[in-house]
């Protein structure tokens, strides 16, 4: 590694620490020529698939866009930041696990919907309404009915979707 101060070709690692999530390593370095110290971050570089948009365009996967999608769906919902980050990481992990070079954006949307469904049902329905292009109230009702049926079977614990309905097991998820 080149020294950022004097551009000398050789630096020495004097300390290495793994981040809490295990995804990065922070290395403290010293330049052999000028003695200046600096830090570097080492991360795993894995190729994520190229995303094929609905109109056929191809673009590199962008985790920021993924996060913006989660943030929009979860706007004004009481979901902890850590839960959102974990959901984003889960989607990125699923993308890596596909081991495909190209992936349709619809598939990414399915991964996002699965994570939103675990986090917050209102956010899930918000996202699904745009993702599946709901055209009328009947589309919403169908999705709500499907969600309520699945919740009754699974006994999930979230706030009710509509006023007057019982919540999962009465323990809403809060920040």
Exercise. From the list 110, 85, 115, which residue is over 22 Å from residue 59 (Cβ atoms) and assigned to a helix (DSSP H, G or I)?
Worked result: 85
For this session: Answer with yes or no whether residue 37 is more than 21 Å from the chain's Cα centre (by Cα), over 30 Å from residue 131 (Cβ atoms) and in contact (Cβ under 8 Å) with a residue 12 or more places away in the chain.
Result: yes
Exercise. If the Cβ limit is 7 Å and pairs must be 6+ apart or interchain, which residue in region 118-137 that is outside the structural domain of residue 80 (by TED's automatic domain parsing) pairs with which residue that is assigned to a helix (DSSP H, G or I) and at pLDDT 80 or above?
Worked result: none
Exercise. What single numbered condition from (1) touching a strand residue (DSSP E or B) at 6+ places or on another chain (Cβ under 8 Å); (2) at pLDDT below 95 fails to hold for residue 31?
Worked result: (2)
Exercise. Pick from 88, 50: which is out of contact with any strand residue (DSSP E or B) (no Cβ under 9 Å at 6 or more places or on another chain) and either within 30 Å of residue 147 (Cα to Cα) or in contact (Cβ under 8 Å) with a residue 40 or more places away in the chain (or both)?
Worked result: 88
Exercise. Do the conditions hold for residue 100, that is, is it assigned by TED's automatic domain parsing to the domain that holds residue 117, farther than 21 Å from residue 127 by Cβ, exposed (fewer than 15 other Cβ atoms within 10 Å of the Cβ) and in contact (Cβ under 8 Å) with a residue 24 or more places away in the chain?
Worked result: yes
Exercise. Of the residues that make up region 56-64, is at least one surrounded by fewer than 11 Cβ atoms within 10 Å (Cβ to Cβ), assigned by TED's automatic domain parsing to the domain that holds residue 131, at positive phi and outside any strand (DSSP E or B)?
Worked result: yes
Exercise. Looking at residue 100, is it more than 16 Å from the chain's Cα centre (by Cα) and either at pLDDT below 85 or farther than 25 Å from residue 54 by Cβ (or both)?
Worked result: no
Problem set entry | Residue within region 152-160 that is in a helix (DSSP H, G or I), surrounded by 13 or more Cβ atoms within 10 Å (Cβ to Cβ) and at pLDDT 65 or above present | no
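The values are calculated or read from the model by the stated rules, or taken from the named source; none is laboratory data. Note that the structure is predicted; figures quoted are calculated from it, not measured. So basically every Cβ, Gly included, is an ideal-geometry build from the backbone, and we count neighbours across all protein chains shown.
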